[in-house]
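Q: Before anything else, here's the structure in question.
FYI, it's all coordinate maths here, none of it is from the lab. The structure displayed is predicted, hence computed values, not measured ones. No Cβ is skipped: glycine too gets one built from the backbone with ideal geometry, and neighbour counts run over all protein chains shown.
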Amino acid sequence: MNIWVMESDSGITLVYKPYMDFPINEDLVSGLLTALNQFTIVEFKQGIESIEMGGLRWVYISDKDTNLLFIAADSKDVTAETLRARLDVIRYTFIQQYAHKGNRWGTKWAGNVEIYKPFENVIDEYYTQWKQAERITTVAEFFDILGIYQQILNLVINVIEGHLSEERKEIIYVKIEQMFKHYSNLEIVKKNPELSKITFERRVGFNIINIDPMNCDMFIVEKQILGLIRRIVEILKEEEGYFPSLKYFVKENIFDYLMSNFNLLNDLNLFTFLLQLFLMK
C-alpha cells in the first residue's frame, strides 16, 4: 500500500508513505496522479474515484474544503471499498490534525512540507493495525475478539459499580456520557453505521455485540472500540488516581482476564497495549 496526501491544484506532495516499491521516480508518479485527476475533472466534470492501473488498484478522495487530494494504491486483492475506507481514515485524521478549521487551511499551508513529516508515523500506526486486522480471517474470530472487548468493558463497569461511592460514580458517568456523545458525533461513526450500534447506559455499561461483522470494516470497528476502552480507563485514572484504580483493576481480575486470553491478544499485537493501558500511569 502506498499513500499520498497532495495539494490538488499544484500537485505538491505533502505526505508520501510507500510500502511498495515503484520502478519509477515518486515525483513522476505524483505528477501523473494529479494530472489524471485534473483531466477527468475537466473532461467528465468529476474526479477519479477508483481505477486499476499498472496492476494495482488506486483510490482517490478529494476534500474540497481544504483542496487536498488523498490517494492510495494497493494490490487488486484489496477491494476498492476497503481501500477507500482506509484512505478515508487517513484523510479524516490528517484534516483533524492539520486543517480542522477549513477556512484556516490557507494560513496553515505555506509551502513547507516538512511540517507534515510526523504524519508518516501516524500512517505507520494505521498500516500496522490494518495488517494485524487482516489476520482476522473469519467472522468467528472477529466475534471472539468482540467478546473479549465486551468482557473488558464489562469489567471496567464492574470497577465503577463495585468500588466507587454514588458521588464518584456520578462524576465518572457524566464524563463517560460526554465522551460517548462526542464519539457518536464523529464523522467516522456516521460513515460506518455498524459503529452506531455501540450503546451505553449507566450501570449496564457498553454493548458492542450487536455489531454485524459482515457489514463493516473490521479494522475501523476494532480501532474505535479500543479507543473507547482507552478513554474510559483514562477517565478512571484521572478521577480516582493511579494507585486506587490499579487496586480496583486487580480486584476485578482484569489482569487475570488478559492473561487467560494471552494467545489471541498476543497474535493480534494487543496484549502489550492492553496490559500497559491498565498497568501504566
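Q: Quick check: from the Cα gyration tensor, does segment 139-279 come out rounded (a/c under 1.5), prolate or oblate?
A: Cα axes put segment 139-279 in the oblate bin.
Q: What is the spin-label model distance, in nm, from Asn185 to Ser75 if the labels are put 7 Å beyond Cα along the C-beta direction?
A: My value for the distance between the label points is 4.3 nm.
Q: Take the residue pairs Lys169/Lys197; Lys131/Lys175; Lys175/Lys247 and return only those whose Cα atoms are more than 30 Å apart.
A: Lys131/Lys175
Q: Still on this structure: Given labels modelled 7 Å from the Cα in the Cβ direction, how far is it in nm from Tyr257 to Ile12?
A: 5.0 nm
Q: Starting from the 7 Å offset along Cα-to-Cβ, what nm value, one decimal, do you get for the label separation of Phe143 and Thr199?
A: Placing both labels 7 Å beyond Cα along the Cβ direction yields 2.0 nm.
Q: Between Met214 and Lys169, what is 0.36 nm times their sequence separation minus the Cα-Cα distance? Round to one decimal in nm.
A: 12.6 nm
Q: What aspartates and glutamates does Lys17 reach when the alpha-carbon gap must be under 18 Å and sequence neighbours fewer than 8 apart in one chain are set aside?
A: Leaving aside aspartates and glutamates fewer than 8 places away in the same chain, those within reach of Lys17 are Glu7, Glu26, Asp27, Asp74, Asp88, Glu114, Glu120, Asp124, Glu125.
Q: Just to confirm my numbers, what's the Cα centroid distance between segment 155-186 and segment 75-98 in Å?
A: Each part reduced to its Cα centre gives a spacing of 32 Å.
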